[in-house]
Amino acid sequence: MTATPIAVQVRAPGKINLALRVGAPRPDGYHPIATVFQAVSLYEDVVATRADGISLEIHGRGEDLPVDATNLAVRAAVLLCETSGTRAGAHLSLTKQVPVAGGMAGGSADAAATLLACDQLWGTGLSRDELAELASELGADVPFALTGMSAMGTGRGDLITPVMSRGTYHWVLAVQDEGLSTPEVFREYDQLQHLDLDDGPAPRLDDAVLAALLSGDPIQLSRQLGNDLQEAALELRPELGDVLAAADRAGALAALVSGSGPTVAALALDHAHAVSVAGVMRAAEVAKEILLVTGPVPGARVLEHVHSR
Ligand code: ATP
């Protein structure tokens with residue numbers, strides 16, 4: 001029998017929504033969505049170490065986020081602890097690269113990474129499906145952070161169907177200083193659409209986006225990008241219009257607001273083109289940071305198991 005480790009390091013990715021369609025809110029307030037996620041190379045790393053109780057420290061971005069039971073990483077560890085009935089604890093050291101409240105599901109990636117790290121640390125014996133169920137209890141975007149790569153999300157975005165994708169896509173991300181609240185963006189969306197409860201058709205994705213992913217051709221994909229929340233994000237943060245215009249001027253194939261924003265993702269032809277687009281966007285000074293990422297990348301995965309000597 002293999003001894004359980006004293007520490008486990010897990011990495012989970014942030015995401016971009018390549019296509020995001022939103023339906024009318026249900027009576028419980030949730031909006032049904034149909035989306036295509038792509039996991040990108042901006043990562044959240046969690047090192048879980050055996051300890052008494054559950055505790056958290058944060059490095060990188062989000063150092064002023066709460067480290068108490070309201071943090072999604074702590075909520076994930078507590079939920080797994082209760083579900084598995086373990087008496088063990090964990091200290092979580094989280095290093096965040098994904099912008100906080102940026103529309104890239106960083107908090108969800110933290111929860112997914114923590115679930116997997118604590119699962120390995122405690123040797124819970126839960127299956128990947130059982131972990132996915134816990135993931136969906138924690139938040140709509142958490143199951144995708146476990147799965148990664150490219151996938152369709154329906155329901156609240158938590159019902160995941162992996163989709164085939166060829167090649168690697170090169171993105172330039174424009175990261176803003178201040179995040180946007182996802183619920184606020186949905187409220188703005190409702191006001192703009194004048195949607196009443198249960199009014200309107202179920203959201204539907206155009207098959208063309210899936211065909212484009214299969215082609216591996218960024219030009220084809222660029223024609224299929226779209227986000228129903230973009231108008232609402234622009235209404236709340238009009239400066240994002242300047243970011244989209246700068247991406248256009250920089251020669252990006254297309255650009256869109258990621259999820260509920262405010263991060264803008266601009267698609268490039270290849271790495272060299274992404275470097276050139278990033279240079280022009282940086283010079284335009286429309287964002288706090290301009291980053292280069294690629295996708296798709298895998299979901300939450302173990303980087304290291306540390307055993308005592
Ligand atoms: P999504 O795209 O899934 O709606 P997001 O990327 O816009 O989310 P997140 O960074 O995931 O935003 O977090 C949204 C809010 O969740 C934050 O403003 C913060 O208050 C809260 N939160 C709780 N735990 C975390 C965490 N570990 N990391 C980031 N935010 C957290």
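Since every read-out is calculated from the coordinates, none of them should be taken as a lab result. Keep in mind the model is a prediction, meaning the values are calculated, not measured. In this analysis, Cβ positions are derived from the backbone assuming ideal geometry, glycine residues included, and neighbour counts consider all displayed protein chains.
Before moving on, here are some points about what is shown:
- Rounded to the nearest 10 degrees, the inclination of helix 106-122 to the longest alpha-carbon principal axis of the chain is 20 degrees.
- For the pair residue 275 and residue 127, label points projected 7 Å from Cα toward Cβ lie 4.7 nm apart.
- Length gained when the stretch residue 223-residue 242 is fully extended (0.36 nm per residue, less Cα-Cα span): 4.8 nm
- Inter-probe distance in nm under a simple model that places probes 7 Å from Cα toward Cβ, at residue 168 and residue 6: 3.6
- Rounded to 10°, Cα long-axis angle of helix 240-249 versus longest principal axis of the chain: 70
- Highest-first packing order for the peptide set 73-80, 231-238 is 73-80, 231-238, based on the mean count of other beta carbon atoms within 10 Å.
- Vicinal HN-Hα couplings computed from phi for the stretch 125-141 (Karplus, 6.51 cos²θ - 1.76 cosθ + 1.60; Hz; Gly/Pro x): x, 5, 7, 4, 5, 5, 5, 5, 5, 4, 4, 6, 5, 7, x, 4, 8
- Across q = 0.10, 0.14 Å⁻¹, the stretch 62-188 modelled as identical point scatterers on its alpha-carbon atoms has Debye log10 I(q)/I(0) values of -0.35, -0.68, in the order of the q list.
- Amide H contacts of residue 170 (H built 1.01 Å from N, in plane; Pro and chain starts excluded): 268 sit under 5 Å, all sequence-distant by 5 or more or on other chains.
- Label positions at residue 55 and residue 82, each projected 7 Å from the Cα along the C-beta direction, are separated by 2.3 nm.
- Mean residue ellipticity, 222 nm, helices only, the chain: the sum of -39500 (n - 2.57) across DSSP H runs of n ≥ 4, divided by residue count and rounded to 500, is -10000 deg cm²/dmol.
- Fluctuation leader among 126, 138, 267 - the chain, Gaussian network, Cα springs under 10 angstrom: 126
- Overall form of the stretch 169-295 per C-alpha gyration tensor (a/c, 1.5; a/b vs b/c): oblate
- One decimal place: the segment residue 67-residue 302 gains 82.3 nm when fully extended, by the rule 0.36 nm per residue minus the C-alpha distance.
- Rule-of-thumb Rg ratio for the chain [Cα; 2.2 N^0.38 Å; N residues]: 0.99
- Using only side-chain charges placed at the Cβ, +1 for Lys and Arg and -1 for Asp and Glu, the dipole size of the chain relative to its Cα centre rounds to 960 debye.
- Taking 288, 96 and counting other C-beta atoms within 10 Å, the order from fewest to most: 288, 96
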